[in-house]
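Remarks on the structure that follows.
The values are calculated or read from the model by the stated rules, or taken from the named source; none is laboratory data. Here the structure is a predicted model, which means the values were calculated and not measured. A quick note on method: Cβ atoms are made from the backbone with ideal geometry, for glycine too, and the neighbour counts reach across all protein chains shown. Areas reflect the complete protein model, heavy atoms only, side chains present, ligands, DNA and RNA absent. Shrake-Rupley method; radii C 1.70, N 1.55, O 1.52, S 1.80 Å.
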Amino acid sequence: MIFFKTLFITWLLCISNAAFSQRFANQVPQLKRYTSAEVTDSDYGIVIFNKLVQGIGGDSLRYTKDGYNAQGWQEDYYVSGKILHKGYYVDGLIKIFKNFYENGQLERNYTSSDPRRSKMEIFYEDGKVRSNIDYFEGNTQNQYDFFKNGTPEYVEENDKDVEFLYKRNSFFENGNPSSMFELVDKKSKKYIKKEFYENGRLKEEGTMYLRKEMGDYQKEDTWTYYDEKGNVTKTEKYHKGELLN
């Protein structure tokens, strides 16, 4: 009799433990693990979380397994167990976050100084700076990109409310300028635009104006074009973006 009573109690404990284990398992989030190839874009880095950042134009939300908007600190991991992402969420949107390469190197760091302004720092896998970007109300205010060798690749600077450009310049990897677009008269919104050959020689140059009513920068006056030896190949006349000759 004692034997059967003991057996019955053991059976009840097993059933109870199994039920508890099942309930506990249902409460643990089934986290997706990522491979490096899944999350890393060769041109832009780890950008899969950018859509969750309203401060840079993102319009998506992160949900819990129960369908609620994510709140507080959230983490994501590689298949290897290494950390991929750590961010602080409010109502499904990221407020600050860091991404990491699988080797542990910081890939990007996003911070917000106030509801309207934020900053993104992006790094190559070896730790060298890839980009520094300032945002204003979801738009890029200033951006500085670098090649892997450390030379500048792209520079963009706007006024504080991102209503007009101060400059937008790009460079070849050898350090020579590729394109230059810079404000020379703030009142009239007059710009000088230049394009270059990779050898550093001027390819074309001319004047442009911001036409606010059109929301566009338009060619104006004389534009001059050159060959790779520096010889003038042609000139053109423009008025409000229209070719005159």
Review point. Between their Cα atoms, which of Lys160/Lys186; Lys186/Lys219; Lys187/Lys219; Lys194/Lys237; Lys160/Lys189 are more than 21 Å away from each other?
Key: none
Practice item. Please work out which option in [x] 28.0, 111; [y] 23.2, 76; [z] 17.4, 52 gives Rg and Dmax of the Cα atoms in Å calculated from these coordinates, and answer with its label. Key: [x]
Point to revise | Size of charge dipole - the chain - debye, nearest 20, with Cβ of Lys, Arg +1 and Asp, Glu -1, no other charges | key: 780 debye
Point to revise | Most positive-pole-ward Cα, Thr207, Asn158, Asn50, against dipole of the chain from beta carbon charges | key: Asn50
Exercise for review: Please work out the average accessible area per residue across segment 136-245, using the 1.4 Å probe convention, and give it in Å².
Suggested key: 60 Å²
Review point. From the Cα gyration tensor of segment 28-77, with a ≥ b ≥ c the square roots of its eigenvalues, which class applies: rounded if a/c is under 1.5, or else prolate if a/b is larger than b/c, or else oblate?
Key: oblate
**Study point:** Rounded to 5, percent antiparallel among DSSP beta bridges of the chain
**Key:** 95 percent
Review point. With all protein chains present, how much of the accessible area of the chain (probe radius 1.4 Å) comes from carbon and sulfur, to the nearest whole percent?
Key: 52 percent
Review point. Which whole-number percent gives the relative contact order of segment 138-245, counting Cα pairs below 8 Å spaced six or more residues apart?
Key: 13 percent
Exercise for review: Calculate one ³J(HN,Hα) per residue across segment 132-145 by plugging θ = phi - 60° into the Karplus curve 6.51 cos²θ - 1.76 cosθ + 1.60, and present them in order as whole Hz with x for glycine and proline.
Suggested key: 10, 10, 9, 10, 9, 6, x, 10, 6, 8, 9, 9, 10, 10
Study note, to complete from the structure: Relative to the chain, whose Cα atoms define the longest principal axis, helix 2-27 and its Cα axis are tilted in degrees, nearest 10, by 10 degrees
Point to revise | Relative contact order %, the chain, counting alpha carbon pairs below 8 Å whose residues are six or more apart | key: 7 percent
Exercise for review: Enter the Cα centre distance for the pair segment 38-55 and segment 87-122, rounded to the nearest angstrom.
Suggested key: 11 Å
Review point. Which peptide among 207-214, 132-139 comes first, and what is the full order, when sorted by highest mean count of other Cβ atoms within 10 Å?
Key: 132-139, 207-214
Exercise for review: Work out the length of the dipole vector of segment 155-245 about its Cα centre, built from +1 on the beta-carbon of each Lys and Arg and -1 on the beta-carbon of each Asp and Glu, and round it to the nearest 20 debye.
Suggested key: 280 debye
Review point. Where a Cα-Cα gap under 25 Å defines reach, which lysines qualify for Lys32, not counting those fewer than 8 residues away within the same chain?
Key: Lys51, Lys65, Lys82, Lys86, Lys95, Lys98
Practice item. Please turn the phi angles of segment 209-226 into ³J(HN,Hα) values with the Karplus equation 6.51 cos²θ - 1.76 cosθ + 1.60 (θ = phi - 60°), one per residue in order, whole Hz, x for glycine and proline. Key: 10, 7, 9, 4, 5, 9, x, 8, 9, 10, 5, 8, 6, 8, 10, 10, 10, 10
Point to revise | Estimated [θ] at 222 nm from DSSP helical runs (n ≥ 4, -39500 (n - 2.57)) normalised by residues in the chain, nearest 500 | key: -4000 deg cm²/dmol
Study note, to complete from the structure: Note on segment 153-245: alpha-carbon gyration tensor, axes a ≥ b ≥ c; rule is a/c under 1.5 for rounded, else prolate if a/b larger than b/c, else oblate; result oblate
